[in-house]
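The structure appears right after this line, and notes come after that.
The values are calculated or read from the model by the stated rules, or taken from the named source; none is laboratory data. These numbers come from a predicted model, not from an experiment. Glycine gets a Cβ as well: all are built from the backbone with ideal geometry, and neighbour counts include every protein chain shown. Only protein heavy atoms, including side chains, enter the accessible area calculation; ligands, DNA and RNA are left aside. Shrake-Rupley method; radii C 1.70, N 1.55, O 1.52, S 1.80 Å.
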Amino acid sequence: MSRLTTYASFVRFSHSVFALPFALTGALLALNRTGEWDLKTVLYRVGWIVVAMVAARSSAMGFNRLVDARFDALNPRTAGREIPRGVMSRLEAGLFIAASSALFVFAAWKLGPVCFTLSPVALAIVFWYSLAKRITSYTQLFLGLAMAVAPVGGWLAAGGRGGLEPWLLGIAIGTWVGGFDVLYACQDLEFDRRHGLRSIPVRFGVGRSLAISRAMHVITVLCLAWLGSVSSLGWLYTAGVAGVAALLVFEQSLVSEHDLSQVKRAFDLNGYVGILYLVTTAAAIYAR
């Protein structure tokens, strides 16, 4: 149990609530369009989507921890992570990443030839984010891209083909995640500058980065609202989007250019966004 706790902490298992609800929402929207609600098929697809999402996120987070271990050891905020602290070796981390990646590819194979064919592309995208801070100032946008894979993957896994829905949902989750990661990166601004790491806050400073984050969250809400119109999901869905918007407004209100003390609290609020959106979207589809 102690080792399982270490692995769960290593990949921040609890943070699966960020992408997983959007992958499941993508699947729900695809099923809503195709009308294929056979219970056995739905349970099969949802089960393998959950496995694929957890495995992909675990391999991506493990890769991030492995390649950033040197920097994590130097940063007081991250020095307590598993590799710098010595409770997990680099070899063990590498084996964990390989096993998680293999499980993801297997789950993608179980979800059909399209998902299986695209699985290496998805892994390349989620791995690239961890290297981007060494090359580009727009690191947070690449995290958004990595997370945008989730709803598109859910849509494809549930048999969806074509349509605006996966694109709108992908842009929504991409700008949502990119927006809150900009906030999160502000707290490491001085550390990143000293060590030659790149990010939107390093490039633009805290004030303009907060404006960028807020603009991204406006795009998130607009895309979610547009999706509701495209899919004719009614007032329940609109209420859910309003709830998401309220959470994002509150999140942004916690952080200012001269006070970053509430960044962690603002970050944690995002755990409710995906859950609220999934529940209200499911209720809207059920009520149709």
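In the stretch 79-114, what residues are within 22 Å of residue 146 (Cα to Cα) and not in a helix (DSSP H, G or I)?
Answer for the stretch 79-114, where residues must be within 22 Å of residue 146 (Cα to Cα) and not in a helix (DSSP H, G or I): 111, 112.
Can you find a residue in the stretch 268-285 that is open to solvent by 30 Å² or more (accessible area, probe 1.4 Å), within 24 Å of residue 12 (Cα to Cα) and of a type outside the set (A, V, I, L, M, F, W, C)?
yes
Out of the residues in the stretch 1-18 that are polar (S, T, N, Q) and at pLDDT 75 or above, which is surrounded by the fewest Cβ atoms within 10 Å (Cβ to Cβ)?
Here the residue is 5.
Answer with yes or no whether residue 107 is among the hydrophobic types (A, V, I, L, M, F, W, C), crowded, with 17+ Cβ neighbours inside 10 Å and either in contact (Cβ under 8 Å) with a residue 24 or more places away in the chain or touching a Lys or Arg at 6+ places or on another chain (Cβ under 9 Å) (or both).
It is true that residue 107 is among the hydrophobic types (A, V, I, L, M, F, W, C), crowded, with 17+ Cβ neighbours inside 10 Å and either in contact (Cβ under 8 Å) with a residue 24 or more places away in the chain or touching a Lys or Arg at 6+ places or on another chain (Cβ under 9 Å) (or both).
Can you tell me which residue within the stretch 19-37, out of those that are surrounded by 21 or more Cβ atoms within 10 Å (Cβ to Cβ) and polar (S, T, N, Q), is modelled with the lowest pLDDT?
Once the filter is applied, the top-ranked residue is 32.
Given (1) in contact (Cβ under 8 Å) with a residue 40 or more places away in the chain; (2) out of contact with any helix residue (DSSP H, G or I) (no Cβ under 7 Å at 6 or more places or on another chain); (3) buried (at least 16 other Cβ atoms within 10 Å of the Cβ), where does residue 222 come up short, assuming only one miss?
Of the numbered conditions (1) in contact (Cβ under 8 Å) with a residue 40 or more places away in the chain; (2) out of contact with any helix residue (DSSP H, G or I) (no Cβ under 7 Å at 6 or more places or on another chain); (3) buried (at least 16 other Cβ atoms within 10 Å of the Cβ), the odd one out for residue 222 is (1).
Scan the stretch 139-175 residue by residue and report those that are of a type in the set (A, V, I, L, M), open to solvent by 10 Å² or more (accessible area, probe 1.4 Å), at pLDDT below 95 and more than 11 Å from the chain's Cα centre (by Cα).
Listed by number, the residues that qualify are 141, 152, 156, 164.
Can you name the residue in the stretch 180-203 that is free of Cβ contacts under 8 Å to residues at least 60 places away in the same chain and surrounded by 14 or more Cβ atoms within 10 Å (Cβ to Cβ) and is also farthest from residue 221 (Cα to Cα) among such residues?
192
Identify the single condition in (1) under 23 Å from the mean Cα position of the chain (by Cα); (2) within 29 Å of residue 168 (Cα to Cα); (3) loosely packed, with under 15 Cβ neighbours inside 10 Å that residue 99 does not satisfy, given that it satisfies every other one.
Failing condition for residue 99: (2).
For the stretch 38-77, which positions are outside any helix (DSSP H, G or I) and open to solvent by 20 Å² or more (accessible area, probe 1.4 Å)?
Within the stretch 38-77, 38, 76, 77 meet the criteria.
Considering every residue within the stretch 79-95, establish whether at least one is hydrophobic (A, V, I, L, M, F, W, C), buried (at least 21 other Cβ atoms within 10 Å of the Cβ) and farther than 30 Å from residue 195 by Cβ.
No, the stretch 79-95 contains no residue that is hydrophobic (A, V, I, L, M, F, W, C), buried (at least 21 other Cβ atoms within 10 Å of the Cβ) and farther than 30 Å from residue 195 by Cβ.
Go through 99, 55, 122, 73 for me and flag whichever is farther than 12 Å from residue 10 by Cα, free of Cβ contacts under 8 Å to residues at least 24 places away in the same chain and in contact with a helix residue (DSSP H, G or I) (Cβ under 7 Å, 6 or more places away or on another chain).
The match here is 73.
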